[in-house]
1. Rg/Rh for the chain: what does it come to with C-alpha atoms and Rh from Kirkwood?
2. Enumerate the lysines that LYS486 could reach by cross-link, defined here as Cα to Cα under 22 Å, with residues fewer than 8 away along the same chain left out.
3. How tilted is helix 291-308 with respect to the longest principal axis of the chain? Cα atoms for both, answer in degrees (0 to 90, nearest 10).
4. Between region 962-980 and region 239-294, what is the separation of their alpha carbon centroids in Å?
5. Give me the distance between the Cα centres of region 593-639 and region 751-791, rounded to whole Å.
6. Hey, which lysines would be in cross-link range of LYS573, C-alpha to C-alpha under 19 Å, not counting anything within fewer than 8 residues on its own chain?
7. Kirkwood Rh, region 15-90, all Cα pairs: how many Å?
8. What area, in nm² and to one decimal, does the C-alpha convex hull of region 475-567 cast on average over all directions?
Amino acid sequence: MKFTDIFIRRPVLATVVSLLILLLGVRSLGLLEVRQYPEIQNTVVTVATAYPGASSELVKGFVTTPLQQAIAEANGIDYINSSSSQGASVIEAHMELNYDPNAAVAEIQAKVASKRNELPADAEDPVIDSATGDSTALMYIAFYSDTVPRPQLTDYILRVAQPQLQALPGVAKARLFGQRFAMRIWLDPQRMASLGVTADDVAEVLQDNNYLAGVGSTKDKYVRVDLTATTDVSAPEDFDDLVVLSEGGTLVRLGDIARTELGAEDYESTAWYSGTPAVFLAIEQAPGANPLTVAEAVNDEVPQIRAQLPDGFNVRVPYDASKFINDSIDEVYKTIAEAVLIVLLVVYLTLGSFRAAIVPAVAVPLSLIGAAFVMYVLGYSLNLLTLLSMVLAIGLVVDDAIIVVENVHRHIERGETRFQAAISGARELAVPIIAMTTTLLAVYAPIGFMGGLVGSLFTEFAFTLTGAVLISGVVALTLSPMISSKVLKPHGNQGRFEQFVERSFERLSAGYLKLLHGALDSVPVAVFFGAVILASIYFMFITSESELAPTEDQAILFFQGTAPRTATLDYHKVYTRQIQGLFEEFPEYHEGFTILGRSPDTVFGGFKMESATERERSQMEIQPEVDAALKGVAGFQTAVFPRPSLPGSGGGLPVQFVITTDRGYEELAGTADALIGRGMESGNFMFLRKSVEIDRPVTNLLIDRDRAGDLGISMAEIGRNLSRMLGGGEVNRFSMDGRSYKVIPQVEREFRLDSAMLEDYYVRAGSGELVPLSTLVRLEDGVEPSKRTQFQQLNSLTVEGVMMPGVALGDALGYLETQAQELFPKGYGFDYTGGSRQFAQQSSALMVTFFLSLMVIYLVLAAQFESWRDPAIILVSVPLSIAGAMAFITLGFATINIYTQVGLITLIGVVAKNGILIVEFANQLQIKERLSKRKAVEQAASIRLRPIIMTSVALIVAMVPLLTAAGPGAVSRFHIGLTVATGLGIGTLFTLFVLPAFYLLLARDHTKTERALEANEETV
């Protein structure tokens, strides 16, 4: 008794096996987590160190360099970049994918601590922060008011809203973009000079008279009383009364030489919600947290926060990435339902019988639901990629059911009973079904063992698909033959439509057999044709556009505006008002946000639209118009770009080409200018720019050391006084309502409008008299780099930009690489960051996996067929199908990206299944019926024509919902659907004629082998 006979003879056993699969799958579906993409951990650890007033060169040499040397010793770092600017050092350590974020922070924290004693005394302690996941926050919540000052609004959010949101499960941090309260001491240098006070005096008074004292307690034998002392200043108005100088019975108070106010820590940046000043909370999810769950919790909390807001406060959620995620997943669910219905309709039309269609109608949902159990066991989630694998699985799992029911039906037409037909048909197909199942498992297995971003994303895709195929194989060997034996009509009982379908396929088979017979008379022509097709793949590949992933319509466009290096916040406000006005002219504009002064010369914001289904034009159509409109804003150099389609891109503009060298920044900028000139001349780029310009004005104060020495003035005293007056650094903190706030002395803005006003500042000489700086310093103007950036501890500059519409990222980066190799002198190198780095590292990963899958499937087939020839014959059809798909990619219907590459890998298994049906049956005909190779392959191809056409058409129509997809995620679904549908359609057509020719050329003559064996037996 064969294995399949057991389940046909014992229908209850077959039913129980399938019901167990159903129960486990349904239960697993309820337990699976729902998220956008498989969980990945791409951690960036940021070390920010403030050194108020210090030049970028000083910051780089004494803060950035020692810190990044120590940080570079940590494990798991992919690359380090740093930026040293006026008063600030920022070092970013980008960790390897899926490196433990907690271990990364702990190790880097230890490395930074080891260098703390080497940093300048006036530098603040380094602040270490980490972000894991998408570089763009999950949500932005805007708080705004027409009546309340922004620092007061910030303080309320800091005390009330931020703690509530940060306490929610899955929220790593609620990052605040606002102006925090600070006690500002606005110094008047003229009053200070007239009353004999220096900035050093002010700082000393603030430190000595705003003192936080831990007094202790009194204690007798039975009673202890805690003590406090009013050594600190707890009310803003009390700062005016602090005594700065006492001379001759006259008290000089702080209010006499300065204006004090409870202001803001920072007057260099602000944020707007649709043009209204606002405070933003950026919600960042914790590593491993489900973005949908986190967003749901935050959205539930926002109404409660709104109800608590004081009068005049408003709150909105201008950006919520979970909406796109939810809409995308809903679209894929819809696609799965449509594909199942379309496939079952096609199965009915090709079988001609509702009864026959029952078999695949049961097998397809059962296989998909059973795959959920495999996902649960492996710890996977329901995400865009696993659901996409389900769509592809529909066309694959229906194949097994179709093949079974078609073969049983064929035996019934020969006059066998339904039971005997099921026995015979299942026995014939047991080996091919196992071969086809293991073939598909072999195809996707290499994807599951890939590293990097693509491996992390597509492992779940690959193993979910193989899980569905594995369950389908089990169902095809157990349930499908049993159902066929019960539901198919006996011979002679077919209806009219079924008879019509039968006659149509018989005529098609006869016509095909005639054409094939003629084609096999010219085997060299078919072989030459196959060789030409194979050669064409290379040329189509190199002429096709390539990118990591297609751009999706996520209903938001980001923009970045770069102002002159001398720009102030007031400058940003003037030109950002123009941008806001331009946004509001677009009918698709819904709302937006803007962060002014994100860095001193940069404005960043978002152009938010309604979802794709609620507007007529796509994001890709709107982007060039928004970009063109913003180009008319004279005060900014602007760029408009979409949100990255894949997680872990690092953010920023699409093109990020890093030039590295040990040379100076002036020479580096000149080399970058030459590269940018070539790039813009090529027509590949809408714009390119350098991240570093040699255009930041700087005034050097050249101190006459001899004169200062004669007057008894030290360099430290000059430096401290200038830092107190201009640096804007905190002296200490004061307490108000249970929270501490910075105390920041600084010269009033009207007394620091230009560098010439510094000559009227005074310092104290050794005699006690005040001396104007004009007697000690000489001013010298110059320029310096806008910032001093480094990449992997080498001086660096990033050429960043946006491609022209229709130019793929791969083509743009390839051009820059070619030009760099021509232009760069010795000692220069290049690298990538952001999305460009993703592309450079991952774009070829799947192509390597493609060839690995091809090798694995060859070896698996060789083991199954016990032949080195048969697998080669079966896989002849693979390049034919690849060429069919590449033709449409080359014509511009899609690009070479991770989705189309996965589609190409899918074609290996799908097309190989057709080859297995022909080759395995032809071998059996040679052995059992002693047919010649030609007669065997002709008969095998004509008999297997119907299941090949049915399975191919079923998979192609399963792709129709992907090809007609609209809404979120539609572009990536279209690309993979186009690849599979066109490759399978054209590949199947070629397979039906080219594969038999190669069979004649390469296959073993089993008839001669059998005769030789018989002759040997007779001799013995």
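1. With Rg and the Kirkwood Rh in hand, the quotient comes to 1.10.
2. Of all the lysines, those that pass the test against LYS486 - Cα under 22 Å, at least 8 places apart if same chain - are LYS2.
3. Approximately 40 degrees, to the nearest ten.
4. One Cα centre to the other: 50 Å.
5. 40 Å
6. LYS631
7. So the Kirkwood estimate lands at 16.8 Å.
8. Taking the Cα atoms of region 475-567, their convex hull projects to 16.6 nm² on average.
Every read-out reported here was derived from the displayed coordinates using simple, explicitly stated rules and does not represent laboratory data. Please read all numbers here as calculations on a predicted model, not as lab measurements. Neighbour counts run over all protein chains shown; Cβ positions are idealised from the backbone, glycine included.
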